[in-house]
1. Evaluate the following for ASP88: is it acidic (Asp, Glu) and closer than 17 Å to LEU200 by Cα?
2. Mind listing just one residue for me: the one in region 51-85 that is over 23 Å from the mean Cα position of the chain (by Cα) and either in contact (Cβ under 8 Å) with a residue 12 or more places away in the chain or surrounded by 14 or more Cβ atoms within 10 Å (Cβ to Cβ) (or both) and, of those, nearest to MET170 (Cα to Cα)?
3. Answer yes if at least one residue in region 195-214 is on the phi < 0 side of the Ramachandran plot, exposed (fewer than 15 other Cβ atoms within 10 Å of the Cβ) and basic (Lys, Arg), and no otherwise.
4. It is to be established whether one or more residues within region 100-114 are touching a His at 6+ places or on another chain (Cβ under 7 Å), aromatic (Phe, Trp, Tyr), surrounded by 15 or more Cβ atoms within 10 Å (Cβ to Cβ) and in a strand (DSSP E or B).
5. Being in a strand (DSSP E or B) and either over 13 Å from PRO162 (Cβ atoms) or not hydrophobic (A, V, I, L, M, F, W, C) (or both) is the filter here; which residues of region 174-192 pass it?
6. Can you name the number of the only condition in (1) loosely packed, with under 15 Cβ neighbours inside 10 Å; (2) at pLDDT below 95 that THR124 fails?
7. Any chance you could count how many residues in region 136-154 are under 17 Å from VAL44 (Cα atoms) and either surrounded by fewer than 15 Cβ atoms within 10 Å (Cβ to Cβ) or more than 11 Å from the chain's Cα centre (by Cα) (or both)?
Amino acid sequence: MLNYIEQEHIEVCQLEISNENIIHYQPHHAVKKAKLNKTKFRIVFDASSYDPRMPSLNDTLQVGPNPLPETFGCLLRFRIQEFAITGDVQQAFLRLSLHKKDKDALRFVWYNLLQNKTFPNEITTYRFTHLPFGLACSPFLLCAVTRELASKHMKIFPTAAPMMDKNLYMDDFVASVETEPQIITLHRELTDLMLLIKILMHKWATNSLMLQNLLRI
């Protein structure tokens, strides 16, 4: 949770008496993951939770069309050419800012982590400032943003931009090209293209020795 605060993905919510925005409090729970001698916990917000008398938050959201490429097509294109590359969008959804009027629909309560005298209570109300994982509309919004980004920069990034539509599945990029110089160009262009909207690519993998040496994989 401290990471959310430090990266400004959430903020303390001012509990105003009058508020024209839609207000919704998200339930959440911890998920335990044990690996070797370490145990980690992550927070999962449940936008599908509902009251018998009321719909869930996800029930009220406009999901939008499915813009994702077919999985089978992605796998085929990945295997066509000699040199392959994969990459992951770091914290994909949380890179997208929320409109001010939508933030109050993503409130939740948590311990007061800021030790702020303005908020002396042990329990504090927070709200998301960026798009969280788990909303029914999150996949469409992420895809819409990345595809709009690519369409606006086709001339500047002639290798990476045209490949975004068919080779980016949610937050995973999978592609293959004919030559190693092409894969170097693809990696550089994709990295720079995503940085235009402050999205970081990481977890690169490739069978190109040239790119492996460049990335020190």
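1. yes
2. ARG77
3. no
4. Yes.
5. If the condition is that a residue be in a strand (DSSP E or B) and either over 13 Å from PRO162 (Cβ atoms) or not hydrophobic (A, V, I, L, M, F, W, C) (or both), then VAL174, SER176 are the ones that fit.
6. Result: THR124 passes all but (1).
7. Within region 136-154, residues that are under 17 Å from VAL44 (Cα atoms) and either surrounded by fewer than 15 Cβ atoms within 10 Å (Cβ to Cβ) or more than 11 Å from the chain's Cα centre (by Cα) (or both) number 2.
Per-residue answers, yes or no, for (1) among the aromatic types (Phe, Trp, Tyr); (2) at pLDDT below 95; (3) more than 21 Å from ARG127 (Cα to Cα); (4) over 17 Å from the mean Cα position of the chain (by Cα):
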{"residue": "ILE23", "(1), (2), (3), (4)": "no, yes, no, yes"}
{"residue": "LEU36", "(1), (2), (3), (4)": "no, yes, yes, yes"}
{"residue": "ARG42", "(1), (2), (3), (4)": "no, yes, no, no"}
{"residue": "ASP102", "(1), (2), (3), (4)": "no, yes, no, yes"}
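The values are calculated or read from the model by the stated rules, or taken from the named source; none is laboratory data. Note that the structure is predicted; figures quoted are calculated from it, not measured. Note that each Cβ is placed from the backbone with ideal geometry, even for glycine, and that neighbours are counted across all protein chains shown.
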